[in-house]
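K.L.:
Handing you a structure now.
The values are calculated or read from the model by the stated rules, or taken from the named source; none is laboratory data. What you see is a predicted model; the values in this text were computed from it and never measured. Ideal geometry is used to build each Cβ from the backbone, glycine not excepted, and the neighbour counts take in all protein chains shown. Ligands, DNA and RNA are stripped out before the accessible areas are found, and what is left, the full protein with its side chains, is counted by its heavy atoms. Shrake-Rupley method; radii C 1.70, N 1.55, O 1.52, S 1.80 Å.
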Amino acid sequence: SLIHEAKQLGLTIGGNYLLGYPDETYEEMTETIMLAKRHMDEGLDRANFMILVPFPGTLLYDEAITNGNLSPDFDPDMMNWMYPTMKNTLIHPEVLEYVNRICWRLLNHSGRVDNISSMALGVTGGL
């Protein structure tokens, strides 16, 4: 695998995985998590899980407003990759937040989790 080849070259490899698309199903979310697990089993050093953020000025943001996933008076300064900002999604925001935290803890080494948790101290509950 490419991960194995990169590790043989002495590279540190991280993977980024997005959860929380408005039309994402539980099956699709599970596929993403299992992909991250396979990558970790192949030698990935860290799996970074983030919840999708629809930034203003993007097509996703416009669609989220149009489809009722964000209210028109939503404050973009309140967006955070650790917490769902969209509502009326197929996966309830509380479930998404829980799954995101569990994935960080289960798939990453404890030192990585501690490092990210310390950076997230300003965010309620950290990881």
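K.L.:
From the list Thr32, Thr12, Thr25, exactly one residue is more than 15 Å from Leu107 (Cα to Cα), touching a strand residue (DSSP E or B) at 6+ places or on another chain (Cβ under 9 Å) and of a type in the set (Val, Ile, Thr). Which is it?
P.N.:
Result: Thr12 is the single residue among Thr32, Thr12, Thr25 that is more than 15 Å from Leu107 (Cα to Cα), touching a strand residue (DSSP E or B) at 6+ places or on another chain (Cβ under 9 Å) and of a type in the set (Val, Ile, Thr).
K.L.:
Checking Gly68 against (1) assigned to a loop (DSSP other than H, G, I, E, B); (2) in contact with a Lys or Arg (Cβ under 9 Å, 6 or more places away or on another chain); (3) open to solvent by 80 Å² or more (accessible area, probe 1.4 Å), which test does it fail?
P.N.:
Gly68 satisfies all of (1) assigned to a loop (DSSP other than H, G, I, E, B); (2) in contact with a Lys or Arg (Cβ under 9 Å, 6 or more places away or on another chain); (3) open to solvent by 80 Å² or more (accessible area, probe 1.4 Å) except (3).
K.L.:
Could you please let me know if Asn100 is open to solvent by less than 70 Å² (accessible area, probe 1.4 Å) and either of a type outside the set (S, T, N, Q) or within 11 Å of the chain's Cα centre (by Cα) (or both)?
P.N.:
Numbers: open to solvent by less than 70 Å² (accessible area, probe 1.4 Å): yes; either of a type outside the set (S, T, N, Q) or within 11 Å of the chain's Cα centre (by Cα) (or both): yes.
Taking the combined requirement at face value, the residue satisfies it.
K.L.:
If you don't mind, there's one more thing I want to ask. Filter region 33-65 down to residues that are of a type in the set (Val, Ile, Thr), more than 16 Å from the chain's Cα centre (by Cα) and closer than 20 Å to Ile91 by Cβ, then give me how many there are.
P.N.:
The qualifying residues number 1.
K.L.:
Which condition breaks for Thr58 when tested against (1) surrounded by 17 or more Cβ atoms within 10 Å (Cβ to Cβ); (2) free of Cβ contacts under 8 Å to residues at least 12 places away in the same chain; (3) polar (S, T, N, Q)?
P.N.:
Only one criterion is unmet by Thr58, namely (1).
K.L.:
Could you grab me the full set of residues in region 71-106 that are part of a loop (DSSP other than H, G, I, E, B) and of a type in the set (Ser, Thr, Tyr)?
P.N.:
Ser71, Thr85, Thr89
K.L.:
Out of (1) over 21 Å from Trp81 (Cα atoms); (2) aliphatic (A, V, I, L, M); (3) open to solvent by less than 50 Å² (accessible area, probe 1.4 Å), the odd one out for Leu9 is which?
P.N.:
Only one criterion is unmet by Leu9, namely (3).
K.L.:
Something else about it: Collect the residues in region 12-27 that are under 28 Å from Tyr98 (Cβ atoms), out of contact with any His (no Cβ under 7 Å at 6 or more places or on another chain) and either of a type outside the set (A, V, I, L, M, F, W, C) or loosely packed, with under 14 Cβ neighbours inside 10 Å (or both), keeping them in residue-number order.
P.N.:
Those that are under 28 Å from Tyr98 (Cβ atoms), out of contact with any His (no Cβ under 7 Å at 6 or more places or on another chain) and either of a type outside the set (A, V, I, L, M, F, W, C) or loosely packed, with under 14 Cβ neighbours inside 10 Å (or both): Gly14, Asn16, Tyr17, Gly20, Tyr21, Pro22, Asp23, Glu24, Thr25, Tyr26, Glu27.
K.L.:
How many residues are over 15 Å from Pro84 (Cβ atoms) and open to solvent by 50 Å² or more (accessible area, probe 1.4 Å) when one looks only at region 40-55?
P.N.:
The initial filter retains those residues of region 40-55 that are over 15 Å from Pro84 (Cβ atoms), namely 40-48.
Those left that are additionally open to solvent by 50 Å² or more (accessible area, probe 1.4 Å): 41-42, 46.
Summing the residues that are over 15 Å from Pro84 (Cβ atoms) and open to solvent by 50 Å² or more (accessible area, probe 1.4 Å) in region 40-55 gives 3.
K.L.:
Which condition number in (1) farther than 14 Å from Asn88 by Cα; (2) surrounded by 19 or more Cβ atoms within 10 Å (Cβ to Cβ) is the one that Thr30 fails?
P.N.:
Status for Thr30: all satisfied but (2).
K.L.:
While we're here: Restricting attention to region 1-55, report how many residues are assigned to a loop (DSSP other than H, G, I, E, B), farther than 30 Å from Met78 by Cβ and touching a residue at least 24 places away in the same chain (Cβ under 8 Å).
P.N.:
The total comes to 7.
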